[in-house]
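None of the figures in this text is laboratory data; all of them are computed from the coordinates on show. Quick caveat: nothing in here was measured; it's all calculated off a predicted structure. Methodologically, a virtual Cβ is constructed for each residue, glycine included, from the backbone with ideal geometry; neighbour enumeration extends over all protein chains shown.
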């Protein structure tokens, strides 16, 4: 009978120790919650008591009953106090869940808003750009049927050809705005360089761009997201920051793409701007879509700094 009880006691002690080890590994995730730590201490003391009892039954040590009662009482107090304070830990978990839900809602809203803005912009480009050109081409073809002589017909054909050429050029511009051809053909570094060259030609702002990328190619989602993020940051600086210098660095190191962006503009309050728009929510949603990290620091009158890290190994289909 004693051997069976001893085996049960040993097995219980082993399970208790394993549970303590797992609980201790979760201390950091609980932000060193007092209730969790007290329950771990109580469990450790109970394990010590069980070990002492096992030794006592084997006749290897002799512990006074008062000491055993005191130790058991202390362990009970630790566990009881921990349980009473456990509601704080649950409140903390609930707060984290609410914050995560709120963040997901904000990201979803930003994604939907970005999609609607993109659709609206695309529709406007088609209506204002392609619409009049196609209407003009149709009127020219209609007039061709009523032309009286060859010279008039030739003039109408020439005019129609010019209109169609302009429509093709406009269509290429719309397509390039949606997905730049240079990005598709030559990669991220060349695409960013091409965008910067076009930007500085029409804005009185200096852009200092540096990169260690050459001909590396990445997954299409990685390239288009980083390209759009850079475009958004630069356009925000042009529109809102009133800056004179933009510094942009794009590097790859051990499979991690790093984007560092700064401007010397008037700055802003990051959280307030993130809540009300200005494209930062859109940037955040794009980076999160690739499981990347975004850090934005700024203050009024002190410019802004944005850092993006994307691990290309976490994106399916990356080809470097």
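Classify the stretch 180-312 as rounded, prolate or oblate, taking a ≥ b ≥ c as the square roots of the eigenvalues of its Cα gyration tensor: rounded when a/c is under 1.5, otherwise prolate if a/b is larger than b/c and oblate if not.
Details: a/c = 1.83, a/b = 1.30, b/c = 1.41.
Taking the square roots of the gyration eigenvalues as a ≥ b ≥ c, the stretch 180-312 is oblate.
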With each label point set 7 Å from Cα along the Cα-Cβ vector, what nm distance links residue 15 and residue 102?
4.2 nm
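Would the stretch 2-84 count as rounded, prolate or oblate if I go by the C-alpha gyration tensor, calling it rounded below 1.5 in a/c and otherwise prolate when a/b exceeds b/c, oblate otherwise? Working shown, then result.
On the way: a/c = 3.16, a/b = 1.63, b/c = 1.93.
Oblate.
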What nm value, rounded to one decimal, do you get for the distance between residue 86 and residue 55 when each label is placed 7 Å out toward the C-beta?
3.0 nm
Could you check the spin-label model distance between residue 309 and residue 7? Points 7 Å from the Cα along Cα→Cβ, value in nm.
5.2 nm
At the level of C-alpha centres, the distance separating the stretch 191-253 and the stretch 130-148, in angstrom, is 42 Å
Could you sort 91-104, 296-309 so that the peptide with the highest average Cβ count within 10 Å comes first and the rest follow in order?
296-309, 91-104
For the residue 217, residue 171 Cβ pair and Förster radius 30 Å, calculated FRET efficiency rounded to 0.05 is 0.70
